[in-house]
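The values are calculated or read from the model by the stated rules, or taken from the named source; none is laboratory data. Here the structure is a predicted model, which means the values were calculated and not measured. Glycine gets a Cβ as well: all are built from the backbone with ideal geometry, and neighbour counts include every protein chain shown.
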Amino acid sequence: MTLKSSVALEHKQDVERVLERLDKYNLRMNPKKCQWFSKEVKFLRFLVSGEGIRSNPKKIKTVQDWKSPVNKKGLLRFLGFAVFYHRFIKSLSSKAKSQYALLKKDINNVWSKEAQQAFDTVKKDLVSLLTIA
């Protein structure tokens, strides 16, 4: 649950109202998972703040170290990671088109220059977006 308010006093009142309502319906929150009066929070691998949603820059090393997939499972893992950030990568489906085509075949036999270029392009876009964030 995320609450956003413009003014600290207003935020405190909003929090109190929410806690009262939760108590009214006998709902509980785990205090260890709560962050109070934060300007930015991690939520579903993203950082959410008053400025909006951005990717988590801690993922840069993961992407930089990512090796070219050698099998279908590796390609699915990479594409799944990329798709998670699709909202930040312009034309991801077009850029990874040759890789999606490989999901229908055995990668070991058909990993082409085109597939490698697509991998490098998407990887570069991911690193760029995570660095900017």
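The table that follows gives values for the structure above.
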| item | result |
| --- | --- |
| Unique residue being out of contact with any strand residue (DSSP E or B) (no Cβ under 6 Å at 6 or more places or on another chain), surrounded by 12 or more Cβ atoms within 10 Å (Cβ to Cβ) and within 25 Å of VAL127 (Cα to Cα) when the list is LYS12, LYS42 | LYS42 |
| Hey, LYS33 at pLDDT below 90 and loosely packed, with under 10 Cβ neighbours inside 10 Å or not | yes |
| Selection from the stretch 24-63 of residues that are part of a strand (DSSP E or B), small (Gly, Ala, Ser) and free of Cβ contacts under 8 Å to residues at least 40 places away in the same chain | SER49, GLY52 |
| So LYS39, is it closer than 30 Å to LEU9 by Cα and either of a type outside the set (A, V, I, L, M, F, W, C) or touching a His at 6+ places or on another chain (Cβ under 8 Å) (or both) | yes |
| Verdict on LEU3 being in a helix (DSSP H, G or I) and either among the acidic types (Asp, Glu) or surrounded by fewer than 12 Cβ atoms within 10 Å (Cβ to Cβ) (or both) | no |
| Residue within the stretch 79-94 that is closer than 22 Å to SER6 by Cβ and out of contact with any Gly (no Cβ under 6 Å at 6 or more places or on another chain) present | no |
| Breaking point among (1) within 30 Å of ALA118 (Cβ to Cβ); (2) surrounded by 12 or more Cβ atoms within 10 Å (Cβ to Cβ); (3) over 14 Å from the mean Cα position of the chain (by Cα), for SER49 | (1) |
